[in-house]
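A.B. asks: Take this structure, written in structure tokens, and hold onto it; I'll ask about it next.
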Amino acid sequence: MSKPSRIRHVAVALIAALLAAVAVWWLCRWVGYDLQERLGNQPVYEILNDTYSQIVDLPEDGLTQTIHLEAGQAFYGVRLKFSTHGQLYKSGMVMVDVTNEAGKLVMQSAGNFLNIFDDTFTEFTTPNPYIPQEAENLTVHLYNAVPWDGPLGLWASEGEVDGMPLCAGDANGASLDATLAVQLVADYSGSWPTVLAEQLALPLAAAAFCAVLLAVFHAPLAVLVAAVGLCLGYSFTQVTPALVAPDEYTHLAAAYELASTWSGQQAATADGKLLVRACDAPHFSTKTGEIGIFAYKAQAYAKILEQCSTDAPTEVSEADAGQGTANYWAQAAGIWLARSRGENFYTMLQYGRVANLLLYLVLVVAAVAVAPAVLRGLFACVALLPMPLQLAGSLSPDAGVLGAVFLFVALCMTLRQQSAARWQLVLLVGLAAAVAPAKAIYLPVVLLCLAIPAEHLDPRRAPAASCVRLGPVVCLPGRLVQVVTLLAAVALWAVANLSALVYAARDMNRMLLAAAALGGMALLAVLVWLYTRVRANPVRLHWFKRGLVLLALLAVAGGLYVFSHMGGGLTPEQLLEIQPNGDSVWTFSFGYICRNLPATLKLLLRTLPEQGGLWLQGLLGTTLGEPIVYRIDVSWLLGIGLLLMLLAVALPARQESPLLTRRASAGVTAILICVILAVLAAALNWTPINYQTLFGMQGRYLLPVLPLALLLLKNTRWVTVQRPVAHGAALGVALLNLLTQLQGFSLYATWQSVS
């Protein structure tokens, strides 16, 4: 490319990126304007006196009403019921001044004939609240600033109510033995919809600028994921309200406990309750956080106004301790840093979210950089989907699990094509050891290391022979690496998940299960030994494989028979045991599933049409937050767009050769099936037996193996493209993610108004 052409290309790219950023900026402004029109200047009322049967006309020297305010209670204004005596006035203005006990003016507001109607409550508000440190009485003085066409009246009680006297003139005037019909404005949305939307403009405009610029320049996809992912992930930390991300309240307790442990502080009480700082205690509970414009506003205000210290946790919270610490070190690091700086609760939460986001980005950027060139676009698109970035922008440990699985898969695919350096071997074993215990259902992914040719895993630099001898066994060093990888993964998986596995098999004969496991391990050792003896003889190897297939069929059939007759079933009385909420006290266990295979199959078949669409939304991220509590579903058009981008990036270019052999494709398919079955088994394990569909099954559980599914699609070569579309697809995913966040923000904000 000539120099003038390069200059034109750079100019076009910069102009396109700037236009995209400006468009997103104005889009954020429009969202803010739209929300302001719908949600702005909306008060929340608290009734102080609802007893009224007379009308008191406003005299020339005005009226003074006393109201009581508790310590820490926010005062945004008052709401009074006026009477125009059935007339429509054309002129007039009433002033409302509110002073505290020290005589300081805390609010001054006016109302004219345009917003005061007959027998209607009218609010007088201030955008900034007055919050007393101690309980006190406020004085509300009403007077005419511009004379009205006729008498202006206010509804009041006959007799004083709750020590709130109404006086003529100022506070020293004569008592009227009455109390106005008055309501306290306890909260006020004001201009916060506009302010909050404008806070999203900078990160989202920066994401659009980076995405367009880097896509047009065909910059390395790892750089695109790092820049765009940071902007979009940070904006997700703002869009998702506190403790509204999936199970975030549980993750907060676990990370908080680990941060206390690092600080050498007592983390929990003897009865297992989490200890927290005094300023954090009101925010800790075992429920999902609030949503709506007032929840957004409260969190933004709290970041500014709440004060905390670096004191050790001393308050007993509602949260339980011991909810896991292995996968929370990044979130705990952010929380520890915030606590050491004396930050308040919401700022501390933000620190933890950002730390989790950085961990995710490090892992997925490494995955994109390590992956083969033809797969980098695929990993980039999956990494930039709304769901993984939403998880990364929260305290969810799933973000680290996703990043680790993506990096493991990318490394395995690279090592299929080239020999491993020693650091890659260490990384391979380390990732397998990290993935397996992180979440039990992803253990089958570790089997992907078997798709790597053994000769590519030889740790020796200049081997004299391809094989090594270990006693009577002769094998390739790469096989030993694969064995070590699998053994490390299985051992750590068993340590981390043995208790959960025992619980799932609670109604089965555990001694018999242990004997079967030992027998299976012994049989596997015998089969490996037989394979080493017959692999050099094609005829014997052929019969060995046939025998292996027959043995597998017999093992499945025999296992189903034994498991369905192992242990006792539930009695009719036990089947009828119901909790107060209507759920059965029993959930699907391994034994119950085996004894009731038809019923289990019926439940799964009912679940698929009812929840299949929600699973796809959860996989892509077009349903936000915790869907069991809040269904925040963005437009289905965005979901279709994201799906099309994934399909596009999975299409191979015409000149590309298949990445997987037929055997490797079968292995990857088997891994996918195993993960899906493990996910379904896990969901069944917490589904009561009287349910007709699965409980708690979410599409995000399948997100770690989405690259494998797309890889299989890419390997089929049913449809090809003229040239790769990786950068265009990544740009499309980024922009759709941006739109998902903007619509999600609007839906979060309007929840209380439409619910």
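The values are calculated or read from the model by the stated rules, or taken from the named source; none is laboratory data. Keep in mind that this is a model prediction, so the values were computed, not measured. With ideal geometry, Cβ positions are generated from the backbone for all residues, glycine too; neighbour counts draw on all protein chains shown.
A.B. asks: Which residues, counting only those in the range 369-388, are within 14 Å of Ala404 (Cα to Cα) and of a type in the set (Lys, Arg)? Reasoning before the result, please.
C.D. replies: In the first step, residues of the range 369-388 are kept if they are within 14 Å of Ala404 (Cα to Cα); the result is 369-371, 379, 382-383, 388.
None - no residue of the range 369-388 is within 14 Å of Ala404 (Cα to Cα) and of a type in the set (Lys, Arg), so the list stays empty.
A.B. asks: In the range 617-663, what residues are among the small types (Gly, Ala, Ser) and assigned to a helix (DSSP H, G or I)?
C.D. replies: Scanning the range 617-663 gives Gly618, Gly639, Gly641, Ala648, Ala650.
A.B. asks: Is there a residue in the range 3-15 that is in a helix (DSSP H, G or I), surrounded by 15 or more Cβ atoms within 10 Å (Cβ to Cβ) and not basic (Lys, Arg)? Steps first, answer last, please.
C.D. replies: Filtering the range 3-15 down to residues in a helix (DSSP H, G or I) leaves 3-15.
Those still in the list that are surrounded by 15 or more Cβ atoms within 10 Å (Cβ to Cβ) too: 13-14.
Next, only the ones that are not basic (Lys, Arg) stay: 13-14.
So far as the range 3-15 goes, yes, one or more of its residues are in a helix (DSSP H, G or I), surrounded by 15 or more Cβ atoms within 10 Å (Cβ to Cβ) and not basic (Lys, Arg).
A.B. asks: Using the structure shown, decide if Pro193 is part of a loop (DSSP other than H, G, I, E, B) and either modelled with pLDDT under 95 or within 30 Å of Leu736 (Cβ to Cβ) (or both).
C.D. replies: Criteria not met by Pro193.
A.B. asks: Can you say whether Val56 is aliphatic (A, V, I, L, M) and over 42 Å from the mean Cα position of the chain (by Cα), as far as the supplied structure shows? Show your work before the answer.
C.D. replies: Values: aliphatic (A, V, I, L, M): yes; over 42 Å from the mean Cα position of the chain (by Cα): yes.
In short, yes.
A.B. asks: Which condition does Ser340 not pass, out of (1) over 19 Å from the mean Cα position of the chain (by Cα); (2) surrounded by 15 or more Cβ atoms within 10 Å (Cβ to Cβ); (3) at pLDDT 90 or above; (4) of a type outside the set (A, V, I, L, M), if it passes all the others?
C.D. replies: (2)
A.B. asks: Is it the case, given these coordinates, that Gln73 is surrounded by 15 or more Cβ atoms within 10 Å (Cβ to Cβ) and either part of a loop (DSSP other than H, G, I, E, B) or modelled with pLDDT of 90 or more (or both)?
C.D. replies: Yes.
A.B. asks: Ala300 passes all but one of (1) of a type in the set (A, V, I, L, M); (2) in contact with a Lys or Arg (Cβ under 7 Å, 6 or more places away or on another chain); (3) closer than 30 Å to Val44 by Cα; (4) at pLDDT below 90; which number fails?
C.D. replies: Result: Ala300 fails condition (2) only.
Yes/no matrix, rows are residues, columns are (1) surrounded by fewer than 21 Cβ atoms within 10 Å (Cβ to Cβ); (2) in contact with a Ser or Thr (Cβ under 8 Å, 6 or more places away or on another chain); (3) within 30 Å of Trp26 (Cβ to Cβ); (4) modelled with pLDDT of 95 or more:
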residue: Gly150; (1), (2), (3), (4): yes, yes, no, no
residue: Val161; (1), (2), (3), (4): yes, yes, no, no
residue: Cys167; (1), (2), (3), (4): yes, yes, no, no
residue: Gly173; (1), (2), (3), (4): yes, yes, no, no
residue: Ala197; (1), (2), (3), (4): no, no, yes, no
residue: Phe209; (1), (2), (3), (4): no, no, yes, yes
residue: Ala222; (1), (2), (3), (4): yes, no, no, yes
residue: Pro246; (1), (2), (3), (4): no, yes, no, no
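A.B. asks: Related question: Could you say whether any residue in the range 522-543 is modelled with pLDDT of 80 or more, among the aromatic types (Phe, Trp, Tyr) and farther than 17 Å from Pro688 by Cα?
C.D. replies: yes
A.B. asks: Right, Leu614: without any contact (Cβ under 8 Å) to a residue 60 or more places away in the chain, assigned to a helix (DSSP H, G or I) and aliphatic (A, V, I, L, M) or not?
C.D. replies: Taking the combined requirement at face value, the residue does not satisfy it.
A.B. asks: Here is a check on your reading of the model: is Gly732 within 26 Å of Pro627 (Cβ to Cβ) and in a helix (DSSP H, G or I)?
C.D. replies: Criteria met by Gly732.
A.B. asks: Let me ask something else. Going by the structure shown, is Gln655 of a type outside the set (A, V, I, L, M), touching a residue at least 60 places away in the same chain (Cβ under 8 Å), over 18 Å from Val446 (Cβ atoms) and surrounded by fewer than 21 Cβ atoms within 10 Å (Cβ to Cβ)?
C.D. replies: Taking the combined requirement at face value, the residue does not satisfy it.
A.B. asks: A follow-up question, please. Answer with yes or no whether Gly322 is touching a residue at least 60 places away in the same chain (Cβ under 8 Å), surrounded by fewer than 16 Cβ atoms within 10 Å (Cβ to Cβ) and in contact with a Gly (Cβ under 7 Å, 6 or more places away or on another chain). Break it down stepwise before answering.
C.D. replies: Working: touching a residue at least 60 places away in the same chain (Cβ under 8 Å): yes; surrounded by fewer than 16 Cβ atoms within 10 Å (Cβ to Cβ): yes; in contact with a Gly (Cβ under 7 Å, 6 or more places away or on another chain): yes.
Considered against the rule, which asks whether it is touching a residue at least 60 places away in the same chain (Cβ under 8 Å), surrounded by fewer than 16 Cβ atoms within 10 Å (Cβ to Cβ) and in contact with a Gly (Cβ under 7 Å, 6 or more places away or on another chain), Gly322 comes out as yes.
A.B. asks: Let me ask something else about it. Which one of Glu198, Glu134 is among the acidic types (Asp, Glu) and out of contact with any helix residue (DSSP H, G or I) (no Cβ under 8 Å at 6 or more places or on another chain)?
C.D. replies: On inspection, the qualifying residue turns out to be Glu134.
A.B. asks: Output yes when any residue across the range 107-123 is within 17 Å of Gly150 (Cα to Cα) and among the small types (Gly, Ala, Ser), and no when none is.
C.D. replies: yes
A.B. asks: Among Thr587, Thr532, which is under 25 Å from Arg479 (Cβ atoms), among the β-branched types (Val, Ile, Thr) and in contact with a strand residue (DSSP E or B) (Cβ under 9 Å, 6 or more places away or on another chain)?
C.D. replies: The match here is Thr532.
A.B. asks: Next question, about the same structure. Condition check: of a type in the set (Asp, Glu), assigned to a loop (DSSP other than H, G, I, E, B) and in contact (Cβ under 8 Å) with a residue 60 or more places away in the chain. Does Glu123 satisfy that?
C.D. replies: no
A.B. asks: While we're on this one: Among the candidates Ala488, Ala516, which residue alone is modelled with pLDDT of 75 or more, part of a helix (DSSP H, G or I), within 41 Å of the chain's Cα centre (by Cα) and over 26 Å from Val429 (Cβ atoms)? Even if it seems obvious, please write down each step before you answer.
C.D. replies: On the way: Ala488 fails: over 26 Å from Val429 (Cβ atoms).
Every option except Ala516 fails the conditions.
A.B. asks: Tell me which of these Gly324 doesn't satisfy, since it passes every other one: (1) in contact with a strand residue (DSSP E or B) (Cβ under 6 Å, 6 or more places away or on another chain); (2) under 24 Å from Val495 (Cβ atoms); (3) in a loop (DSSP other than H, G, I, E, B).
C.D. replies: Status for Gly324: all satisfied but (1).
Rundown of residues vs (1) of a type in the set (Asp, Glu); (2) closer than 30 Å to Gly169 by Cα, yes/no style:
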residue	(1), (2)
Leu35	no, no
Tyr52	no, yes
Glu60	yes, yes
Arg79	no, yes
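A.B. asks: In the range 664-706, how many residues are touching a residue at least 24 places away in the same chain (Cβ under 8 Å), farther than 26 Å from Val364 by Cα and in a loop (DSSP other than H, G, I, E, B)?
C.D. replies: Result for the range 664-706: 9.
A.B. asks: Give me a count of the residues in the range 127-148 that are touching a Gly at 6+ places or on another chain (Cβ under 6 Å), in a strand (DSSP E or B) and modelled with pLDDT under 90.
C.D. replies: Adding up the residues that qualify gives 2.
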